[in-house]
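Working notes, structure below.
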Amino acid sequence: MPRLKSFPIDWVVNAAATPSAAYGADQRRALDEAGFERAWSTVTRWPGYRATPLVSLPGLARAAGVAELRYKDEGGRFGLGSFKALGGAYAVYRLLARMIATKTGGTEPAIDDLLSGRHRDHAKDVVVASATDGNHGRSVAWGAKLFGCRCVIFIHATVSEARRQAIAAYGADVIRIKGNYDDSVHHCAAESAKRGWHVVSDTAYDGYWQIPCDVMQGYAVMAEEIIREMSPPPTHVFLQGGVGGLAAAVVARFWQVWGTRRPRAVVVEPVRADCLFQSAKAGRPTKSTGDLDTLMAGLAAGEVSLAAWEVLKGGATAFMIVPDEAAVEAMRLLAQGVDGDPRVVGGEAGVGGLAGLLAATVDGKAHAAFGLTTESRVLTIGSEGDTDPELYRKLVGRSGDEVRAV
Ligand SMILES: Cc1ncc(COP(=O)(O)O)c(C=O)c1O
């Protein structure tokens, strides 16, 4: 059994998260149950839908000193490589459905009507746009293709060529701009305002709320699949955070269904992109202190999504930060299959939660602060596979295909 490595980490326990608190008005402003039902009945009708595997890792659980460890492997989600397939594409559907309802003066068309092409004439004139560092843009582009509208995606200077191609493969126009992610967001907003395009972003700010909430409702489908498979609920869930959408969607759905039996939720971020951790410390949305230069590209967020924060401020039990090396170590352990475990391909951002659990295991204080014991049953979400295959091979020493083939 491998000895787990120690990494410099930091964390804060969220005093505002009361286990007995009911799912309430603040949380429903972001994610309400009716919205979830709509997302579930829509996404589960998309072509190729099936629940992703909830892999058991007893070997790694032994190494981490817990009773059970599960890893929800999103690598195969709709062939897009990450959980993000659920969110951006669902928001494109909702946007089109609302627009068609307004244009025709009727109700929002059901998913089957859009998929059948019945509203092709309305959809083809709509342009959706987004800035991305990879996975979200791929989802929006795929959704646009699925529902028959046009798509323009803005990427920044350091987004890899492989990620650019993966987006372009769905027929989107991909525009690479100079500068960083924030510059691509501003560029996208300015061009869209000028040209009448519709921005589909995964992060909510004042005056821009509905679409990112739709994105999160799409993500919540993943949480519902877990609920249907795990009984009793896990005691802990470790969730990686970028703007907080994934974590909020999972925390919200668990809270709605499991109530006080919901697991403790630890949100894990890269040291250099720590906006949720900083927000928890300050008790209000606060920017990252780091330069966002992290290997965990999907988590490189400078500011929280305000809608996600509505859920996490009272729903996440703790927030922690880990260095990139902790993620690389988690990728390698998954790829090697600890002590007879199945081998799993987890990408840099995808293993963030697992990296947090493993780092906390060897840090006595964090371990105690998160309430981890030998009885704990821990859930982690592998939010992406090898979405950047070259980088994966460089970090793990083998390609994703080689790992999967063993
Ligand atoms: C693979 C992966 N995991 C996790 C996240 C974090 O999600 P969020 O930004 O909603 O917190 C992202 C965001 O892009 C991602 O691509």
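The values are calculated or read from the model by the stated rules, or taken from the named source; none is laboratory data. Predicted model, so just to flag it, every value in this text is computed and none were measured. Note that each Cβ is placed from the backbone with ideal geometry, even for glycine, and that neighbours are counted across all protein chains shown. Each accessible area value is taken on the protein alone, full model and side chains, heavy atoms only, with ligands, DNA and RNA left out. Shrake-Rupley method; radii C 1.70, N 1.55, O 1.52, S 1.80 Å.
Data overview
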quantity	calculated
Identity of the residue in the range 45-82, touching a helix residue (DSSP H, G or I) at 6+ places or on another chain (Cβ under 7 Å) and of a type in the set (S, T, N, Q), that ends up farthest from Leu239 (Cα to Cα)	Thr52
Residue in the range 228-244 that is part of a helix (DSSP H, G or I), out of contact with any Lys or Arg (no Cβ under 6 Å at 6 or more places or on another chain) and buried (at least 22 other Cβ atoms within 10 Å of the Cβ) present	no
Wholly within the range 91-152, helices (runs of 4 or more DSSP H) carrying at least 2 residues that are within 16 Å of the ligand (Cβ to nearest atom)	135-147
Filtered residue count, the range 56-79, keeping only those that are buried (at least 19 other Cβ atoms within 10 Å of the Cβ), more than 14 Å from the ligand (Cβ to nearest atom) and basic (Lys, Arg)	1
Of all residues in the range 183-223 being part of a strand (DSSP E or B) and in contact (Cβ under 8 Å) with a residue 12 or more places away in the chain, the one that is surrounded by the fewest Cβ atoms within 10 Å (Cβ to Cβ)	Tyr205
Residue satisfying condition, being modelled with pLDDT of 95 or more and not in a helix (DSSP H, G or I), within set Gly353, Gly347, Gly314, Gly290	Gly347
Matching residues in the range 162-182 - criterion: being at pLDDT 90 or above and outside any strand (DSSP E or B)	Arg164, Gln165, Ala166, Ile167, Ala168, Ala169, Tyr170, Gly171, Ala172, Ile177, Lys178
Index of the failed condition, Thr317 passing every other in (1) within 15 Å of the ligand (Cβ to nearest atom); (2) of a type outside the set (Asp, Glu); (3) in contact (Cβ under 8 Å) with a residue 24 or more places away in the chain; (4) within 29 Å of Tyr23 (Cβ to Cβ)	(1)
In the range 159-182, the residues that are among the polar types (S, T, N, Q) and without any contact (Cβ under 8 Å) to a residue 24 or more places away in the chain	Gln165
Residue in the range 243-252 that is within 24 Å of Arg29 (Cβ to Cβ), without any contact (Cβ under 8 Å) to a residue 60 or more places away in the chain and more than 10 Å from the ligand (Cβ to nearest atom) present	no
Hey, Phe147 open to solvent by less than 60 Å² (accessible area, probe 1.4 Å), touching a Phe, Trp or Tyr at 6+ places or on another chain (Cβ under 8 Å) and aromatic (Phe, Trp, Tyr) or not	yes
Flag for Thr286 being among the hydroxyl-bearing types (Ser, Thr, Tyr), within 12 Å of the ligand (Cβ to nearest atom) and either closer than 18 Å to Ala318 by Cβ or surrounded by 22 or more Cβ atoms within 10 Å (Cβ to Cβ) (or both)	no
Flag if Gly65 is more than 21 Å from the chain's Cα centre (by Cα) and at pLDDT below 95	no
Hey, Leu379 open to solvent by less than 10 Å² (accessible area, probe 1.4 Å), over 19 Å from Arg332 (Cβ atoms) and within 16 Å of the ligand (Cβ to nearest atom) or not	yes
Answer residue from the range 80-90, given it is of a type in the set (A, V, I, L, M, F, W, C) and not in a loop (DSSP other than H, G, I, E, B) and is most open to solvent (accessible area, probe 1.4 Å) among those	Phe83
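Let's see how each residue does on (1) within 14 Å of the ligand (Cβ to nearest atom); (2) under 30 Å from His367 (Cβ atoms); (3) in the same structural domain as Leu379 (by TED's automatic domain parsing):
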residue: Trp197; (1), (2), (3): no, no, no
residue: Ser201; (1), (2), (3): yes, no, no
residue: Ala204; (1), (2), (3): yes, no, no
residue: Gly218; (1), (2), (3): yes, no, yes
residue: Pro232; (1), (2), (3): no, yes, yes
residue: Gln240; (1), (2), (3): yes, yes, yes
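Yes/no matrix, rows are residues, columns are (1) within 12 Å of the ligand (Cβ to nearest atom); (2) open to solvent by 20 Å² or more (accessible area, probe 1.4 Å); (3) within 15 Å of the chain's Cα centre (by Cα); (4) outside the structural domain of Ile226 (by TED's automatic domain parsing):
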| residue | (1), (2), (3), (4) |
| --- | --- |
| Ala297 | yes, yes, yes, no |
| Gln336 | no, yes, no, no |
| Gly352 | yes, no, yes, no |
| Ala366 | no, no, no, no |
| Thr387 | yes, no, yes, no |
